[in-house]
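As structure tokens, the structure follows; a few thoughts come after it.
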Amino acid sequence: MSTAPDNEGDDDPFEEQRADVDNAMVQLFDEYGRDHSFQAVVAVLASVFARVLDLAPPVLLGLAIDSVIQGNKAFLPFLPQSVVPSSKPDRLLFMGGLIAGSFLLGAAFHWIRNWGFNSFSQHIQHRVRTDTYDKMQRLNMDFFATKQTGEMMSILSNDVNRLERFLNDGLNSAFRLSVMVLAIGVYLFVVNWQLAVLTMLPVPIIALFTYRFVNAIQPKYADVRSSVGHLNSRLENNLGGIQVIKTSNTERYESDRVDDVSQGYFDANWGAITIRIKFFPALRIISGVGFVLTFVIGGIWVATGPPMFFSGTLDPGEFVTFILLSQQFIWPMAQFGQIINMYQRARASSERIFGLMNEPSRIEENPDADELVVDDGGVVYDDVRFGYDDDDAIVEHIDFQVDGGDTLALVGPTGAGKSTVLKLLLRMYDVDAGAVRVDGQDISGVTLPSLRRHVGYVSQDTFLFYGTVEENITYGTFDADREAVVDAAKAAEAHEFIQNLPDGYDTEVGERGVKLSGGQRQRIDIARAILKDPEILVLDEATSDVDTETEMLIQRSLDRLTEDRTTFSIAHRLSTIKDADQIVVLEDGEIVERGTHADLLGDEGLYANLWGVQAGEIDELPDEFIERAAKRQATVDDQDDD
Ligand code: ADP
């Protein structure tokens, strides 16, 4: 059968890895099930006992009828006759006691069974979730492009939950039903094999029918899942862009688009529903035929002796047991179809989970890597080459040396490779050739935690976690006390506005808390970096998108932050980096100019022209520069369209 009910989607980032997962369910039980096998064994055993006890009342009822009413049979053949009372009323009471006992004991076993299965599935689910999350944190940054974030959220929530559903309900039901079918089948055959054959005639038909049903419904469920994905993306997108929708006056257009995707979801669902609602009535008909056959033939048998080619005797009690048990027998067969369905969904989910787990990390930590030891924080880029894809170099021949405490600014048009160069220092990626050294140590040979402890990062795109202002400032340092936090905030020019927040440093911020402006968030980020106190600092376009006054405040706090630290800075506003010890100008991934602000202005190259643009001297720029800028913009736009 196909195993693809949940794998649809052309842009599946883990497709390749998933193809390598041999049998995801075997792997799941092997890696995660072993440690919890005690619970599983207890659950299976309890399931067997619970089911057998469930069957006791109808069996006892049949025996009671034959023994008490007809009085012609050895009563309870499996008990020593000495414990069985001889008078009919006593026998009835005794029987009542046995039935009550079987209910009680059955309840206890049901409890144990549920405890076992739930404990088994919850433990596995918890460990799979945390392992998947840990793995996700180690994935390359490429994976966090928007499209794939949704995919990963879906693995972490939907797929892990679907595993739970199978491990809990599916496994539980599978054992329960197997025991039941086996026990009832054996019992019926022992009591009267001829009638048992008749009763079981519909079983193969039901099995075949269920199998076909599952095959037919699965692609429909896949359609439902993908259409719900489209619907959610559309809604999410429209909520995010509500301002554009209102200002562009496109409410009606968007309503139509939502109508379209919602209709798609409706159609997909309806396709599944039309198949699903036929299943149970059809099953009822098949099992009804079996029931009527057993009832008619059995009834004639009891009343007038064996009909047609049947032979032997059938007592009324046996007949009642047959009727009762055959009803319990048919429905489990129907449920097997659903269990197979659950199994396949769980298997698809496990494949997605292991697909993610098997994704190789580009940053492999050397097992005997040393701790980075930073003395004065000098950084050297030694003929570095790097490309996101293996063949295409994005940056090449990157060579420079920054002494401890100095500032190097990277300048160049968008897409020149500035951020890429600095990501290599943070080891978001490893270089393809050459080396990056900190105080003489090649960073590819040191542990990631030690590197990231010494290299701080402040970006333009500041993210605040859900929590208080203080928690956000101490994020990564954790053990700092309030005094240190306030000092850091003061140095970051953030103390004033934090004090004015409703609860000061204890104000909740982040998505559900107080909304802070971009400039305020950035100063919190700077306070975080001041507190962390790294020897080396990376500032990524740290002062774009804010008003002049805020920029001045941020600049003051940055000056304090970068004092005495080796600093790498990318800034679009050249005025903020004109005092840098070195300015390196990048174009198309290569260094085209380097020097101090004064040197570069004198050279009258790319830097001088960029400076001219920012000083408003557009008329004085050479035509060649403007043509190249237009060409560059065109390629950047193309890339954005991809
Ligand atoms: P800058 O910081 O100078 O604007 P970047 O370093 O961000 O430039 O980008 C340099 C080039 O690398 C661009 O062509 C960009 O499209 C490409 N690039 C950036 N990030 C990725 C990525 N994660 N995967 C593939 N290409 C990327």
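The values are calculated or read from the model by the stated rules, or taken from the named source; none is laboratory data. Remember, it's a predicted structure, so these values are computed and weren't measured experimentally. For neighbour counting, all protein chains shown are included, and Cβ atoms are generated from backbone atoms with ideal geometry for every residue, glycine included. For the accessible areas, the whole protein counts, side chains as well, though only heavy atoms, and no ligand, DNA or RNA atoms are used. Shrake-Rupley method; radii C 1.70, N 1.55, O 1.52, S 1.80 Å.
Accessible surface of residue 444, taken over heavy atoms with a 1.4 Å probe and every protein chain present, rounds to 50 Å². Summarising the label geometry, the points placed 7 Å from Cα in the beta-carbon direction at residue 41 and residue 249 lie 7.5 nm from one another.
Surface composition of the chain: carbon and sulfur make up 55 percent of the accessible area, probe 1.4 Å.
Every Cα-Cα pair in the chain was counted, and those over 50 Å apart are 38% of them.
For region 413-429, the Karplus equation 6.51 cos²θ - 1.76 cosθ + 1.60, evaluated at θ = phi - 60°, returns couplings of x, 4, x, 6, x, 5, 5, 4, 4, 7, 4, 5, 5, 7, 6, 5, 9 Hz by residue, with Gly and Pro reported as x. Largest accessible area first, the residues 482, 284 order themselves as 284, 482 under a 1.4 Å probe with ligands, DNA and RNA left out. Going by the alpha-carbon gyration tensor, a ≥ b ≥ c the square roots of its eigenvalues, is region 15-357 rounded (a/c under 1.5) or, if a/c is not under 1.5, prolate (a/b greater than b/c) versus oblate? Since a/c reaches 1.5 and a/b is larger than b/c, the shape of region 15-357 is classed as prolate.
Taking the Cα centre of region 15-357 as origin and assigning +1 to Lys and Arg Cβ atoms and -1 to Asp and Glu Cβ atoms, the resulting dipole is close to 600 debye. Take the Cβ atoms of residue 215 and residue 389, set R0 to 45 Å, and the FRET efficiency comes out at 0.65. Roughly what angle does helix 202-240 make with the longest principal axis of the chain, taking Cα atoms, 0 to 90 degrees, to the nearest 10? It works out to around 30 degrees. Under a model in which nothing but the beta-carbon of Lys, Arg (+1) and Asp, Glu (-1) is charged, region 390-641 shows a dipole of about 920 debye around its Cα centre.
Placing R0 at 51 angstrom, the Cβ-Cβ distance between residue 573 and residue 165 gives a FRET efficiency of 0.40 after rounding to 0.05. The Cα-based radius of gyration of region 390-641, divided by its Kirkwood radius, gives an Rg/Rh of 0.99. Taking every DSSP helix (H) stretch of at least 4 residues in the chain, weighting each as -39,500 (n - 2.57) and dividing the sum by the residue count yields a mean residue ellipticity at 222 nm of -19500 deg cm²/dmol.
What full-extension length gain, to one decimal in nm, is calculated for residue 88 and residue 447 as 0.36 nm per residue of separation minus the Cα-Cα distance? Please list the in-between numbers first.
Values: separation 359, 0.36 × 359 = 129.24 nm, distance 8.31 nm.
120.9 nm is the gain from fully extending residue 88 to residue 447.
Taking 7 Å steps out from each Cα toward its Cβ at residue 461 and residue 262 produces label points 3.2 nm apart.
Entry note: region 316-389 has Rg to Rh equal to 1.56, where both radii use alpha-carbon atoms and Rh is the Kirkwood radius.
Could you point to the residue in 415, 571, 49 farthest towards the positive end of the chain's charge dipole, with +1 and -1 charges on the Cβ of Lys/Arg and Asp/Glu respectively? In the chain, that residue is 49.
Quick one: length gained pulling residue 437 to residue 625 fully straight, 0.36 nm per residue minus the C-alpha distance?
Gain in length upon complete extension: 64.2 nm.
Ordering 28, 247, 302 by Cα displacement along the dipole of region 15-357 toward the positive end leaves 302 in first place; charges were set at the Cβ atoms of Lys, Arg (+1) and Asp, Glu (-1).
Extension gain, residue 193 to residue 369, is 56.2 nm, computed as 0.36 nm per intervening residue step minus the present C-alpha separation.
First check a/c for region 87-210, with a ≥ b ≥ c the square roots of the eigenvalues of its C-alpha gyration tensor; if it is under 1.5, answer rounded, and if not, answer prolate when a/b is larger than b/c or oblate otherwise. The shape class here is oblate.
Over 25 Å between C-alpha atoms is what I'm after, so list which of 135/515; 220/278; 418/490; 135/220; 418/578 land there. It would help to have the intermediate numbers written out before the result.
Numbers: 135/515 31 Å; 220/278 14 Å; 418/490 30 Å; 135/220 32 Å; 418/578 17 Å.
From 135/515; 220/278; 418/490; 135/220; 418/578, over 25 Å: 135/515; 418/490; 135/220.
Report the FRET efficiency, 1/(1 + (r/R0)^6), for residue 358 and residue 295, where r is their Cβ-Cβ distance and R0 is 51 Å, rounded to 0.05. Calculated value: 0.35.
Sequence neighbours fewer than 8 away in the same chain don't count; with that in mind, list the lysines whose C-alpha is under 28 Å from residue 88. Reachable lysines: 73.
Across the options 153, 527, 37, the greatest Cα extent toward the positive end of the charge dipole of the chain (unit charges at beta carbon of Lys, Arg, Asp, Glu) belongs to 37.
Remark: the chain carries a charge dipole of roughly 6920 debye about the Cα centre, counting +1 on each Lys and Arg Cβ and -1 on each Asp and Glu Cβ.
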